[in-house]
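In what follows, a single structure is set out as structure tokens and then discussed.
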Amino acid sequence: MPTSTVIAHGEVRIEVLAQGTGHAVVLLPSLGRGAADFDLIAEQLAQAGYRVLRPQPRGIGQSSGPLTGIDLHDYAADVATVIAHEDVIARENAGPAFVVGHAFGNRVARMLATDRPELVRAIALVAANIGKAPSPPQVRAAIRASADPSLPEAERIAALQFAFFAPGSDPRAWLTGWYPEVLAAERIAGDRTSREEDFAGGSAPILYLQPGHDPLAHVEDAEAYQAQFGDRVTVVVIPHASHAVIAEQPDAVSAALIAYARKLWP
């Protein structure tokens, strides 16, 4: 079972769920959602011999801090504090972490690798909207509807199916787990940060987990990213999945992360 610790830097408090022993793997959730989305994946990574760290974003759980006037550099600094703290308390496996970002979390992972490369062994981009343009308006509207508990359930399910879940997947599990205030803050922070700043992810090795059916993150975008950065990028396509791939195919995502981590730390 994970333990919970609160780590402070300045006026910010970040709750970290931690489990397992070994080299550090950090899991960052998607827009407006929290660490619980990674429950099954975290368990599998811990069982495979890794120290799994799940920082809760500001405004979720015991995490707190300003939600206005911030950008992706601030969210990356929160994660940097977690990794640096882990290095202080770790013993034989101290060192840079494998940082995994789902959807919005992938931009935080890339920004962290850009701002604090000494803390990052590699990054994984899971269902990453890698383009330099914002998400289309109809997709943003569907995301807002998915997270809005005041809307009729049928409307929310339709929005979830469109934005997050592949045909044949049941979206109802994501009717819960949303934090609308956090979603709004993260959206603004992302829009305030030029996509050029985090695009390359510094110089870290990159695992790119691409859902086979995703209205936000397309297979051709993953292929173009790999073509631009060459051997630094490894692309794995996860079939029968969309933007909520960690909920739809947790075993496939876990297997890909574990296989890549074993190459990072033979």
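The values are calculated or read from the model by the stated rules, or taken from the named source; none is laboratory data. The structure presented is a predicted model; accordingly, all values stated were derived computationally and were not measured. Every residue, glycine as well, gets a Cβ built from its backbone with ideal geometry; the counts of neighbours run over all protein chains shown. Keep in mind that these areas ignore ligands, DNA and RNA; they rest on the heavy atoms of the full protein, side chains included. Shrake-Rupley method; radii C 1.70, N 1.55, O 1.52, S 1.80 Å.
So which of Ser194, Ser203 ends up being closer than 26 Å to Glu223 by Cα, without any contact (Cβ under 8 Å) to a residue 40 or more places away in the chain and not aliphatic (A, V, I, L, M)?
Going through Ser194, Ser203 in turn, just one is closer than 26 Å to Glu223 by Cα, without any contact (Cβ under 8 Å) to a residue 40 or more places away in the chain and not aliphatic (A, V, I, L, M): Ser194.
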* Name every residue in the stretch 134-182 that is under 30 Å from Pro66 (Cα atoms), of a type in the set (Gly, Ala, Ser) and open to solvent by less than 80 Å² (accessible area, probe 1.4 Å), in order of residue number. => Ser135, Ala141, Ala142, Ala145, Ser146, Ala147, Ala159, Ala163, Ala173, Gly177
* Just give me the residues in the stretch 216-225 being open to solvent by less than 70 Å² (accessible area, probe 1.4 Å) and either part of a helix (DSSP H, G or I) or among the small types (Gly, Ala, Ser) (or both), in sequence order. => Ala217, Val219, Asp221, Ala222, Ala224, Tyr225
* Structure fact -> Checked Val245, Val237, Val253 against criteria (at pLDDT 95 or above, within 14 Å of Leu125 (Cα to Cα), surrounded by fewer than 19 Cβ atoms within 10 Å (Cβ to Cβ) and not aromatic (Phe, Trp, Tyr)); the one match is Val237
* To do: Evaluate the stretch 48-59: report whether one residue or more is modelled with pLDDT of 95 or more, in contact with a strand residue (DSSP E or B) (Cβ under 7 Å, 6 or more places away or on another chain), closer than 25 Å to Glu118 by Cα and of a type in the set (Gly, Ala, Ser).
  => no
* Asked: Among all residue pairs at least 6 apart or on different chains, which show Cβ distances below 7 Å where the first residue, located in the stretch 143-169, is under 15 Å from Ile246 (Cα atoms) and in contact (Cβ under 8 Å) with a residue 60 or more places away in the chain and the second is surrounded by 10 or more Cβ atoms within 10 Å (Cβ to Cβ) and of a type in the set (A, V, I, L, M)?
  -> Ala163/Val139; Ala163/Ala142; Ala163/Ile143; Phe164/Ala244; Phe165/Ala244; Ala166/Ala241
* Asked: Is there any pair with a first residue in the stretch 17-29 that is without any contact (Cβ under 8 Å) to a residue 60 or more places away in the chain and more than 14 Å from Val79 (Cβ to Cβ) and a second that is among the hydroxyl-bearing types (Ser, Thr, Tyr) and surrounded by 20 or more Cβ atoms within 10 Å (Cβ to Cβ) whose Cβ atoms are under 8 Å apart and which are 6 or more apart or on different chains, and what are they?
  -> Gly20/Tyr50
